[in-house]
1. Considering only region 193-212, I want to know if a residue exists there that is touching a residue at least 60 places away in the same chain (Cβ under 8 Å), open to solvent by less than 20 Å² (accessible area, probe 1.4 Å) and under 15 Å from residue 153 (Cβ atoms).
2. Which residues, counting only those in region 166-192, are open to solvent by 40 Å² or more (accessible area, probe 1.4 Å), over 19 Å from residue 144 (Cβ atoms) and aliphatic (A, V, I, L, M)?
3. Residue 152: free of Cβ contacts under 8 Å to residues at least 60 places away in the same chain, open to solvent by less than 20 Å² (accessible area, probe 1.4 Å), more than 30 Å from residue 36 (Cα to Cα) and of a type in the set (Val, Ile, Thr), yes or no?
4. For region 273-283, indicate whether the set of residues that are more than 20 Å from the chain's Cα centre (by Cα), crowded, with 16+ Cβ neighbours inside 10 Å and not acidic (Asp, Glu) is non-empty.
5. Taking region 213-232 only, how many residues are out of contact with any Gly (no Cβ under 8 Å at 6 or more places or on another chain) and either open to solvent by less than 30 Å² (accessible area, probe 1.4 Å) or of a type in the set (S, T, N, Q) (or both)?
6. Here is a check on your reading of the model: is residue 305 open to solvent by less than 60 Å² (accessible area, probe 1.4 Å), more than 18 Å from the chain's Cα centre (by Cα) and closer than 24 Å to residue 184 by Cα?
7. Select, from 32, 46, the only residue that is among the acidic types (Asp, Glu), more than 20 Å from residue 331 (Cβ to Cβ) and crowded, with 22+ Cβ neighbours inside 10 Å.
8. Kindly evaluate residue 73 against the criterion of being more than 24 Å from the chain's Cα centre (by Cα), at pLDDT 95 or above and either over 23 Å from residue 299 (Cα atoms) or surrounded by fewer than 18 Cβ atoms within 10 Å (Cβ to Cβ) (or both).
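The values are calculated or read from the model by the stated rules, or taken from the named source; none is laboratory data. Please read these numbers as outputs of a predicted model, since none were measured by experiment. FYI the Cβ positions are ideal-geometry reconstructions off the backbone, even for glycines, and counts take in every protein chain you see. Ligands, DNA and RNA are stripped out before the accessible areas are found, and what is left, the full protein with its side chains, is counted by its heavy atoms. Shrake-Rupley method; radii C 1.70, N 1.55, O 1.52, S 1.80 Å.
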Amino acid sequence: MKAIGTTGPRPVSDPAALIAFDAPEPQLRPRDLLVAVKAVSLNPVDVKVRANRRPQAGETSVLGYDAAGVVIGVGAEVSLFNIGDEVFYAGQIDRPGSNAERQAVDERIVGLKPRTLNFAEAAALPLTAITAWELLFDRMKADREEDESLLIVGGAGGVGSILIQIAKAMTKLRVIATASRPKTRQWCLDLGADQVVDHSGPIDQALAAAGERAPKFIAALTETPSHFEALTRAVAPQGVIGAIDDFNGLPIELLKQKAAGFVWEFMFTRPVHQTPDMIRQHQLLNAVSEMVDAGAIRTTLTRNLGRLSVETLLDGHRQLESGSTIGKVALEGF
């Protein structure tokens, strides 16, 4: 089958950073679905893996996570889906990816695609929606009835764009997003943010200037090391900061006097470690799908690059590396 992958770490400027090749057909595990991939979307993890993955000599690793498609086969123990179902999912970091004609994926991390979205619009949602949901409810333990504030650092990015919507649709939290450009500021407001503050300077000062109270919850989605000290000053006593980006050596001790917490969110934890609650991702994706169809939240797709090819996929990787992407970028299947 057709697929796009990497043979080793290369910069996006290298024409061989991604290559098209004939991949073997997926082999189904007992709880796997075989999905005909109709659309995919890109996330920062796609760029990181392309720049760092080292397959065994002579092998090509299929990349890609977010996808939407149609179930065309099922494993022996599948019980949640039927052949013909339209689905969406974020896949696993330790299995062949979605940049292929067909993909095997565990049904416990798959949801029914929103009926009101096309495949590209749906493919923009899974990874960021899982990340946002798990960060807010499973990691930071936000109560849906709390009269508190949520600060989202990087509100116009992929995760921020859906976290704004999930928080507004499912909680009573006051949602404050950060953005530094007029276009990204307006995007956050359009998605439902109650307030937008500038993150180009100290965020605690921006919050104070806007008259905002100390947020109990802070979702640190981007450039966390450069913002961290300001966030420790901003967070409410007994609050929590949750992060998703990659870094080392934060001065966590700055949180001690506030008895504030710090948590990580990594949406691949459940499938990689086959946790007993792995099916939570299936359940939350179905809930997101229902909210989309009810009009409570919308797709975060802002650009469709057309049919999946080496050229269009590299274009998407370049756009993500530019650091200026608003929302999500998607591609149609082969």
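1. For region 193-212, residues touching a residue at least 60 places away in the same chain (Cβ under 8 Å), open to solvent by less than 20 Å² (accessible area, probe 1.4 Å) and under 15 Å from residue 153 (Cβ atoms): absent.
2. 189
3. no
4. No, because not a single residue in region 273-283 is more than 20 Å from the chain's Cα centre (by Cα), crowded, with 16+ Cβ neighbours inside 10 Å and not acidic (Asp, Glu).
5. Going through region 213-232 one residue at a time, the tally reaches 7.
6. yes
7. 32
8. yes
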